[in-house]
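Below is one structure, written out as structure tokens; comments come after it.
The values are calculated or read from the model by the stated rules, or taken from the named source; none is laboratory data. Since the model is a prediction, treat every value here as computed from it, not as a measurement. Counting neighbours? That spans all protein chains shown, and the Cβs are built from the backbone with ideal geometry, glycine included. Only protein heavy atoms, including side chains, enter the accessible area calculation; ligands, DNA and RNA are left aside. Shrake-Rupley method; radii C 1.70, N 1.55, O 1.52, S 1.80 Å.
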Amino acid sequence: MLWRILFLLCFGSGLMASPLPRSNNSPLRGPCELARDHFTTVEGLRVHYLETGAGPSLVMIHGNAGAADDFGHGTIELLCGEYRIVAVDRAGHGQSDRPKGKSATLEYQADLLHQTLTKLGVTHPILVGHSWGASLALAYALKYQTEVSAMVLIAPAAYPDSGGDRLIRMAVTPPVIGDVSLLLGRLILGRHILKKELARAFYPEPVPEEYLKHATHSWLTRRHLKSYLEDEWTLNRSLKNLSRSYSEIKVPVVIVTGDEDRVVIAKDNAYRLKSTLACADLIEVKYAGHEIPQTHPETIYAAIKKASEAESSEGHTEAGGSGALARP
């Protein structure tokens with residue numbers, strides 16, 4: 001059972017696969033100006049982001065353990081001809097710094113994102129968040145609601161876990177997350193176990209071999225593992241507090257969920273959130289799992305168009321309903 005516990009410590013709920021390899025400043029090809037790496041400094045931290053396109057602003061927020069270019073599997077290419085896209089590496093992920101001496105909670109990361117977007121001149125964006133990134137979008141909207149146009153929440157982790165991972169969460173309580181536990185994780189987490197967990201995330205579709213190769217080489221660095229573990233540890237507490245206020249969100253929200261998601265259970269998150277938000281629409285993607293940004297970018301495009309239309313129409317706060325997109 002030891003390997004299983006250590007694996008869950010590093011790659012539990014909210015798992016996000018890293019993208020295919022992309023060299024620094026290498027473009028993502030699309031029908032618009034190429035997306036390239038940029039950096040800015042906020043609170044003394046280097047923040048990495050990708051930017052391309054022109055038009056209304058989309059801010060894309062990756063999940064846990066991911067990076068900004070998680071959306072570079074068709075989503076950015078579909079959208080950059082109509083929108084200004086800013087995809088940000090969260091603190092300690094991708095090429096962004098992690099703060100030292102303070103906990104990078106969900107609330108802290110919302111403030112950091114707000115400062116980053118203000119510095120970049122991004123105003124009233126549509127927030128597009130996947131998994132843990134959807135949690136961050138919700139936290140951002142609750143604090144800066146008048147500065148958000150709409151939200152698209154993909155496989156959102158919106159509510160705290162029921163408590164099944166309590167022992168695991170106790171095991172990773174700071175300052176226990178140290179070199180020894182990280183070293184053990186790196187030694188024990190082999191390609192076979194990683195492939196098994198990625199299969200759960202991609203189910204019912206197969207894991208791309210190149211995807212697996214890249215994840216094997218990029219997920220187990222000390223910095224990324226520590227950031228992942230800390231994010232997982234603090235998320236439940238933040239969601240317990242934030243979820244009490246979801247009904248206050250009035251901007252248009254489109255929730256996207258896969259009917260086969262085995263990582264973030266739809267009925268406990270996407271559907272529960274839909275019932276709380278009067279302003280929400282819901283798209284269920286048939287025969288899809290957790291990794292919708294990689295497997296169904298066309299659905300994200302459709303959700304953003306729906307959110308844009310709701311935001312621009314009169315009485316958008318009354319928009320609601322549900323729908324389903326069946327894969328051909």
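Expressed as a fraction of 2.2 N^0.38 Å, the rule-of-thumb size for a compact globular protein of N residues, what is the C-alpha radius of gyration of the stretch 86-144? Computed over Cα atoms of the stretch 86-144, the ratio equals 1.06. Label sites at Lys240 and Lys119, each approximated as a point 7 angstrom past Cα along Cα to Cβ, lie 3.3 nm apart. When a/c is below 1.5 the answer is rounded, else prolate if a/b is larger than b/c, else oblate, so apply that to the stretch 250-312 with a ≥ b ≥ c taken from the square roots of the Cα gyration tensor eigenvalues. It is oblate, given that a/c is not under 1.5 and a/b is not larger than b/c. Measuring between their Cα centroids, the stretch 117-136 and the stretch 205-240 lie 20 Å from each other. For the cross-link pairs Lys143/Lys267; Lys143/Lys213; Lys102/Lys267; Lys100/Lys196; Lys195/Lys267; Lys100/Lys250, the ones whose C-alpha atoms lie over 29 Å apart are Lys143/Lys213; Lys102/Lys267; Lys100/Lys196; Lys100/Lys250.
When peptides 285-296, 136-147 are ranked by their average number of other Cβ atoms within 10 Å per residue, the highest-first order is 285-296, 136-147. When Arg223, Arg90, Arg98 are compared by accessible area of protein heavy atoms, the largest-first order is Arg223, Arg98, Arg90, using a 1.4 Å probe. Annotation: amide H-H contacts under 5 Å for Asn64 (H modelled 1.01 Å from N, sequence separation of 5 or more, or interchain): Met16, Trp132, Gly133.
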